Amino acid sequence: MPRKQRIEYEGAFYHVITRGNQKQAIFKQDEDFQKYLKILTCYKERYNYHIYSYVLMKNHVHLIIETKHTLLSKIMQGINQSYTMYFNRKYETVGHLFQGRYKAILCDKDKYLLSLLKYIHENPIRAKLVKSISEYPWSSHRIYEKKESDDTLVDTDQVLRMFSEDNTKARQLYMAYIGEKEMIAKETVYSTVDQRVLGDEHFVEYVVDKNKGYFKKKQPNKVYSLQAIAKAMESVFGITLKEIRGKGKDPSVVKVKKIFCLTALEYGYLGKEVANFIEKDPAIVTRYGKEKLINLSEIESVMEELRINKVNSQV
């Protein structure tokens, strides 16, 4: 499957994950962690982007970055190349240090900033490296926790103002938020649209506008009507459109309803279009679109049935 093109524009807000090649360690000593942070700071001064959060783990890095005039691809290329050169010189190695392509999820900043921040700071706990976030030295949590800090890498002001205009109170409220026992679920920060965007339909429309229609152009054409998709569903699973539109909670019908929604989304239909057709709340379609419970092979079975039907109708 071809790689999807990056979605980049001025003021974009990303959750970036970059991993060691073949899961190898990218940090072996404290000096390596320190060097990576220095490189982040150096490129931040050069390209004037914002960093709201980071965590450096043994074999991967999480960053929350908001770009300004420089595209993320150029920023990450500089950071990764500089650190790779340092690492290869120090450990007398050659070749790629980082896994082929870093992952960059374009996020709705207003909705997800705090959740992402907490999720990233909780990484060392999920990895069972520490029992308390405050014990881990290689994350931006320590910057938010301190009353005074001369750190220039992390832009804490915008985050803290989301808690309170009073700096002291803001830090207290931040610590209370971080200290909540309920951890941020992985699904919350990885339930993306098109594997690249974390946000609702309004945010996707905003992204489309910022990219001058690029995102829409990359969506599949509506080569099949929703009625045709429903007919294919009935052929493959024996579940009728009437049953899909019904209020019953039979597990087999619910499953087929999800497959219908996912298939329609694959063919470029908007969630609200699908919802109107099956006479359901658009929120249900959005939720189905985020769930990973449906095997891809079942969607492909429906697509194959659609292709067969199309060929037969042309004979």
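The values are calculated or read from the model by the stated rules, or taken from the named source; none is laboratory data. Remember, it's a predicted structure, so these values are computed and weren't measured experimentally. Neighbour counts are summed over all protein chains in view; Cβ atoms, including those assigned to glycine, are modelled from backbone coordinates with ideal geometry. With ligands, DNA and RNA removed, areas are computed over all heavy atoms of the protein, side chains included. Shrake-Rupley method; radii C 1.70, N 1.55, O 1.52, S 1.80 Å.
Odds and ends about this structure:
- Scope segment 55-82; condition out of contact with any strand residue (DSSP E or B) (no Cβ under 8 Å at 6 or more places or on another chain), assigned to a helix (DSSP H, G or I), surrounded by fewer than 22 Cβ atoms within 10 Å (Cβ to Cβ) and not hydroxyl-bearing (Ser, Thr, Tyr); matching residues: LYS74, GLN77, GLY78, GLN81
- Exclusive hit being in contact with a helix residue (DSSP H, G or I) (Cβ under 9 Å, 6 or more places away or on another chain), among the hydroxyl-bearing types (Ser, Thr, Tyr), surrounded by fewer than 21 Cβ atoms within 10 Å (Cβ to Cβ) and under 21 Å from LEU113 (Cβ atoms), set TYR43, TYR52, TYR47: TYR47
- For ASP155, the conditions (1) touching a Ser or Thr at 6+ places or on another chain (Cβ under 8 Å); (2) touching a residue at least 60 places away in the same chain (Cβ under 8 Å); (3) surrounded by 14 or more Cβ atoms within 10 Å (Cβ to Cβ) are fulfilled apart from (1).
- Helices (runs of 4 or more DSSP H) contained entirely in segment 242-315, each with at least 1 residues that are β-branched (Val, Ile, Thr) and modelled with pLDDT of 80 or more: 251-266, 271-278, 282-290
- So HIS96, is it touching a residue at least 12 places away in the same chain (Cβ under 8 Å) and surrounded by 16 or more Cβ atoms within 10 Å (Cβ to Cβ): no
- Evaluation of ILE105 against (1) open to solvent by 10 Å² or more (accessible area, probe 1.4 Å); (2) at pLDDT below 90 (one fails), failing number: (1)
- Residue, least open to solvent (accessible area, probe 1.4 Å), within segment 124-136, restricted to residues that are more than 16 Å from MET175 (Cα to Cα) and of a type outside the set (Val, Ile, Thr): PRO124
- Residue match in segment 69-92 (condition: within 22 Å of GLU122 (Cβ to Cβ) and charged (D, E, K, R)): no
- Members of segment 14-39 found to be surrounded by 15 or more Cβ atoms within 10 Å (Cβ to Cβ), modelled with pLDDT of 95 or more and not in a loop (DSSP other than H, G, I, E, B), listed by number: ASP32, PHE33, LYS35, TYR36, LEU37, ILE39
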